[in-house]
Amino acid sequence: MTATTDALPDDPGTLKAMLLAERARTERLEQIIKELQRHRFGRRAETLPEDQLLFGLEEVEQTVASGEAENETAAPAERANHAAKRRINRGSLPEHLPRIEMMVDIDDHACPCCRNALHRIGEDVSERLDIVPAQFRVLVVRRPKYACRACESGVVQAAAPARLIEGGLPTEATVAQVLVAKYADHLPLYRQAQIYARQGITLDRSTLADWVGRAAFLLRPVHERLLARLKGSAKLFADETTAPVLDPGR
């Protein structure tokens, strides 16, 4: 949170608040440095996990961003300067993402001076990353029944599509999402159940566990194929780093 001498406010109260904020940020940064030093040079029992350090860094970065936003509100020039830097450093978005274009045009296409028609000479194009939150939907399968009025011999109906879990609610995509969230994103099943509950979908943790177990059974061929490929390799590498567990008394 830096500012030039011209951009500093003249109000003593505002200057005092800015000074206190800078001191608090400095103290927090010093604490982060001490934790980094302990993580790097401390004894093994005193070292901090990497994720704990990242939590601290995130907190500092959030505090800095909040202070910068406050300064930008009072100093339009600083806001424009930061916006220009963000445009330079933000990079480009992947080409495979779908683009939804929005045209922002002027209301009057007549010249404000002579009122002749304006002609287009170019345009400015900017891109922003937009996220559509996960949406739940219900797939409804209708299977009409048919009968012959002449012979009345029976009812004809298409067979029901196969389900990954017979008699269950989830589609294949739903089960895949649960698996990815659990094993790739490390999101426990009880937290996933809480996420679904916010959408009014009541799914017990044990139900999700049943889906995961049945999916694991169906994925056994993939597991066996991967295991065979690994065993056929000339060399295998494994990470034997011990994982911390709950140990009462320590």
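The values are calculated or read from the model by the stated rules, or taken from the named source; none is laboratory data. What you are looking at is a predicted structure, and each value in this text was computed from that prediction instead of being measured. All Cβ positions, even for glycine, are placed from backbone atoms using ideal geometry, and neighbour counts span all protein chains on display.
Taking the condition closer than 22 Å to A176 by Cβ and loosely packed, with under 10 Cβ neighbours inside 10 Å, does F217 pass? Even if it seems obvious, please write down each step before you answer.
Details: closer than 22 Å to A176 by Cβ: yes; loosely packed, with under 10 Cβ neighbours inside 10 Å: yes.
So F217 fits the description; yes.
Please give the number of the condition V175 fails out of (1) out of contact with any Leu (no Cβ under 9 Å at 6 or more places or on another chain); (2) at pLDDT 90 or above.
Going through (1) out of contact with any Leu (no Cβ under 9 Å at 6 or more places or on another chain); (2) at pLDDT 90 or above one by one, V175 breaks only (1).
What are the pairs with Cβ atoms under 8 angstrom where one residue, in the stretch 134-163, is closer than 25 Å to I201 by Cα and the other, located anywhere, is among the charged types (D, E, K, R) and modelled with pLDDT of 85 or more? Sequence gap at least six, or different chains.
A160/R143
Going by the conditions given, is A176 touching an Asp or Glu at 6+ places or on another chain (Cβ under 8 Å) and under 15 Å from A209 (Cα atoms)? Can you show your working first?
Details: touching an Asp or Glu at 6+ places or on another chain (Cβ under 8 Å): no; under 15 Å from A209 (Cα atoms): yes.
No, not satisfied.
Here are L179, L219: which of them is under 30 Å from Q135 (Cβ atoms), out of contact with any His (no Cβ under 6 Å at 6 or more places or on another chain), in contact (Cβ under 8 Å) with a residue 24 or more places away in the chain and hydrophobic (A, V, I, L, M, F, W, C)? Show your work before the answer.
Numbers: L219 fails: in contact (Cβ under 8 Å) with a residue 24 or more places away in the chain.
The match here is L179.
Is it the case that the stretch 194-208 has a residue that's under 30 Å from P144 (Cβ atoms) and in contact (Cβ under 8 Å) with a residue 60 or more places away in the chain?
yes
What is the number of the single condition among (1) over 26 Å from the mean Cα position of the chain (by Cα); (2) assigned to a helix (DSSP H, G or I); (3) under 30 Å from S92 (Cβ atoms) that Q177 does not meet?
Of the numbered conditions (1) over 26 Å from the mean Cα position of the chain (by Cα); (2) assigned to a helix (DSSP H, G or I); (3) under 30 Å from S92 (Cβ atoms), the odd one out for Q177 is (1).
Do we have R214 as part of a helix (DSSP H, G or I) and within 25 Å of V140 (Cα to Cα) here?
On the way: part of a helix (DSSP H, G or I): yes; within 25 Å of V140 (Cα to Cα): yes.
So R214 passes the test.
Please give the number of the condition I195 fails out of (1) surrounded by fewer than 13 Cβ atoms within 10 Å (Cβ to Cβ); (2) of a type in the set (A, V, I, L, M, F, W, C); (3) under 18 Å from R137 (Cβ atoms).
It is condition (1) that I195 fails.
What's the total number of residues in the stretch 140-187 that are touching a Phe, Trp or Tyr at 6+ places or on another chain (Cβ under 6 Å) and exposed (fewer than 12 other Cβ atoms within 10 Å of the Cβ)?
Residues flagged as touching a Phe, Trp or Tyr at 6+ places or on another chain (Cβ under 6 Å) and exposed (fewer than 12 other Cβ atoms within 10 Å of the Cβ) within the stretch 140-187 amount to 1.
Between I201, I165, I195, which is modelled with pLDDT of 90 or more, more than 30 Å from E95 (Cα to Cα) and in a loop (DSSP other than H, G, I, E, B)? Walk me through it before giving the result.
On the way: I165 fails: modelled with pLDDT of 90 or more; I195 fails: in a loop (DSSP other than H, G, I, E, B).
It is I201.
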